[in-house]
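Participant: Here it is: the structure, laid out below.
The values are calculated or read from the model by the stated rules, or taken from the named source; none is laboratory data. For clarity, every value in this text was computed on a predicted model and none was experimentally measured. Cβ coordinates were reconstructed from backbone atoms using ideal geometry, including for glycine residues, and neighbour counts include every protein chain displayed.
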Amino acid sequence: MSDCSAASKISVRGLRKSFGRKRVLNGVDIDCDSAESLVIIGGSGTGKSVLVKCIVGLLRPEAGSIRIDGVETVGLGRGARERLVQKFGMLFQGSALFDSLRVWENVAFGLIQGRAMERQAAKEIALAKLEAVGLGPEVGNLWPAELSGGMQKRVALARAIATEPEILFFDEPTTGLDPIMADVINELIVKCVREAGTTAVSITHDLVSARKIADRIAMLHQGRIIWQGPTPDVDHSDNPYVEQFIHGRAEGPIKMEVRAM
Amino acid sequence: MVRFLAAIGAVFLGFLAATGRLAMFAGLALATAFTPPYYLRAILREMINVGYFSLPVVGLTAIFTGMVLALQSYTGFSRFAAEGAVATVVVLSVTRELGPVITGLMVAGRVGAAMAAEIGTMRVTDQIDALTTLSTDPLRYLVLPRLLAGLITLPMLVLVADIIGVFGGYLVGVYRLGFNPEAYLNRTHQYLETNDVVSGLVKAAVFGFIVALMGCYHGYHSRGGAQGVGQATTYAVVSASVLILVFNYLITAAFFGR
Ligand SMILES: Nc1ncnc2c1ncn2[C@@H]1O[C@H](COP(=O)(O)OP(=O)(O)OP(=O)(O)O)[C@@H](O)[C@H]1O
Ligand SMILES: [Mg+2]
């Protein structure tokens, strides 16, 4: 397993991360090939967002290794980290739009500040990206606070793809969208992977979306990847956890910590 | 006894650790000033925010400070027939002490709180992480412009406050206490030395830096939603105010103590 990791775009081994006494990731192993679309599923609060933030370098894991293009990234210095981050684009679960900037400035941010592009040229690209997520040019001049939650999510998606990074991370890209818009976004993600050869790691609870965008699905449960396989295999995984999750049953090996009223 | 000493030691170590974290934060942020890119837009925006928009509140507090100073020193000094010193007392107190301290405190309340709230909200809504993923160093983009704005604009504000404060004293002195305008003005710069104003401006630069640093530091490290941001704002204002008074003493001692 470890000797093929040199070929993977992303290779995570034995990743551990705790917050205080609470252990969230407890030895995660996962790989993602170049131009592959990996979808991570799992219950709420199992640490999917934490896993992605560790890979991107926003959180520092306690132990384990994360290799990007075969290069170890845990404990990287500031300069090297800055260069590495140029490869990444990320859509945050809560959109995380800059509310002091207009919508188009948000989308163009990585181009103007990160890549020192001219404002006018960057604005044109930003408007094109907004169009790709189904938002007209009139939206560009609004402020993020003036948008609905679903619109914010689409702006955040446009911002993540604006710099055309090598690796895209999508934290729940379709949550809060209507089914039709969700499908438009799914198509967009598929297009990024198929046409631009981008590597995509997505988190979703939406199985329709997962089936559509994933080449491979992995399930995170109690701090570990308990199952992974090609997308068609989720339907006959022979794994009780996966079965319960994809059928959305309250009964099963995954115990929700709720008490009957 | 041992337990008592251990407790003191723990507090002291905690204090050292906090100071170290703060110094590290300030150092990392200031270090970004020595390499490109520079976010001139952000620096300009913060300077306008800290300097220009603080003018009304600073002007108002300064004029009333000068006025009350003239009134108080007059009633005090008339007891031993030293009314003539009013103008000198006003100008020295305003330039050396009250101008910088009152401006610093007002700006801590106005600007320090806003910085902590803005950066804190950006932290808890992942906007700071988003900056990082867009190849922008948050220390360079958010913190450095604010630190520079505090450092540069507070002396300017204090200069304005000095002038308005002295003018307030003049108004009361001439129109209420009946001093001769010319004599009052003569008295005002007769004993004023360059060092009086310079020490005030040095204080202002230090206070501006403190206010911005506290606002940014507490905002940057806030966590836990709206409550965390509220707490960061409180910490920013309280710690900046206390530090302003502490450093006011230290700078005064350095300039005039012997
Ligand atoms: N900054 C933090 N400080 C403390 N605990 C945290 C922090 N971030 C996450 N956690 C904890 O880590 C666990 C996993 O959080 P995470 O956000 O990764 O969940 P998730 O799998 O993305 O869930 P969801 O599907 O609801 O988004 C949670 O129990 C949360 O309490
Ligand atoms: Mg999440």
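Participant: May I ask you to list the residues in the range A:34-59 that are within 13 Å of ligand 2 (Cβ to nearest atom) and at positive phi?
Facilitator: Selection gives A:42, A:45, A:47.
Participant: Within the range A:65-86, is there a residue that is farther than 23 Å from residue B:135 by Cβ and either surrounded by fewer than 16 Cβ atoms within 10 Å (Cβ to Cβ) or within 16 Å of ligand 2 (Cβ to nearest atom) (or both)?
Facilitator: No, the range A:65-86 has no match at all.
Participant: Please tell me if residue B:135 is on the phi > 0 side of the Ramachandran plot and of a type in the set (S, T, N, Q).
Facilitator: Yes.
Participant: In this structure, is residue B:201 in a helix (DSSP H, G or I) and either modelled with pLDDT of 95 or more or farther than 30 Å from residue B:30 by Cα (or both)?
Facilitator: Yes; evaluated as a whole, the condition is true for this residue.
Participant: Across the range A:194-210, what is the total count of residues that are away from ligand 1 (no atom under 16 Å from the Cβ) and surrounded by fewer than 19 Cβ atoms within 10 Å (Cβ to Cβ)?
Facilitator: Number of matching residues: 5.
Participant: Tell me, which residue of the range A:84-112 that is of a type in the set (D, E, K, R) and more than 9 Å from every other protein chain (Cβ to nearest Cβ) is farthest from residue A:142 (Cα to Cα)?
Facilitator: A:87
Participant: Only residues that are in contact with a helix residue (DSSP H, G or I) (Cβ under 9 Å, 6 or more places away or on another chain) and either at positive phi or within 9 Å of chain B (Cβ to nearest Cβ) (or both): list them for the range A:113-135, please.
Facilitator: Hits for the range A:113-135 are A:113, A:114, A:115, A:134.
Participant: Could you check how many residues of the range A:16-49 are under 27 Å from residue A:232 (Cβ atoms), within 16 Å of ligand 1 (Cβ to nearest atom) and not small (Gly, Ala, Ser)?
Facilitator: Residues that pass the stated criteria total 8.
Participant: Conditions: (1) of a type outside the set (Phe, Trp, Tyr); (2) more than 14 Å from chain B (Cβ to nearest Cβ); (3) crowded, with 20+ Cβ neighbours inside 10 Å; (4) within 16 Å of ligand 1 (Cβ to nearest atom). Residue A:213 meets all but one. Number of the miss?
Facilitator: (4)
Participant: Being over 30 Å from residue A:145 (Cβ atoms) and crowded, with 20+ Cβ neighbours inside 10 Å narrows it down to one residue among A:168, A:157, A:220; which is it?
Facilitator: A:220
Participant: Pairs, please: C-beta under 7 Å, at least 6 apart or cross-chain, first residue farther than 15 Å from residue A:220 by Cα and in the range A:238-257, second outside any loop (DSSP other than H, G, I, E, B)?
Facilitator: A:252/A:240; A:252/A:244
Participant: For the structure I just gave you, tell me whether residue A:142 is surrounded by fewer than 21 Cβ atoms within 10 Å (Cβ to Cβ), at pLDDT 95 or above and not aromatic (Phe, Trp, Tyr).
Facilitator: yes
Participant: Follow-up. Take the residues in the range A:102-124 that are over 18 Å from residue A:151 (Cα atoms) and aliphatic (A, V, I, L, M); name whichever of them is surrounded by the fewest Cβ atoms within 10 Å (Cβ to Cβ).
Facilitator: Looking at the filtered set, the residue picked out is A:116.
Participant: Among the numbered criteria (1) within 16 Å of ligand 1 (Cβ to nearest atom); (2) more than 16 Å from the chain's Cα centre (by Cα), which single criterion is violated by residue A:153?
Facilitator: Going through (1) within 16 Å of ligand 1 (Cβ to nearest atom); (2) more than 16 Å from the chain's Cα centre (by Cα) one by one, residue A:153 breaks only (2).
Participant: Could you check, for the range A:63-83, whether at least one of its residues is charged (D, E, K, R), more than 16 Å from ligand 1 (Cβ to nearest atom) and touching a helix residue (DSSP H, G or I) at 6+ places or on another chain (Cβ under 8 Å)?
Facilitator: Within the range A:63-83, one or more residues are charged (D, E, K, R), more than 16 Å from ligand 1 (Cβ to nearest atom) and touching a helix residue (DSSP H, G or I) at 6+ places or on another chain (Cβ under 8 Å).
Participant: Output the number of the condition that residue B:153 fails; it satisfies all remaining conditions of (1) among the hydroxyl-bearing types (Ser, Thr, Tyr); (2) touching a strand residue (DSSP E or B) at 6+ places or on another chain (Cβ under 7 Å); (3) away from chain A (no Cβ under 14 Å).
Facilitator: (2)
Participant: Given (1) within 11 Å of another protein chain (Cβ to nearest Cβ); (2) at pLDDT below 95, identify the lone condition not met by residue A:77.
Facilitator: (1)
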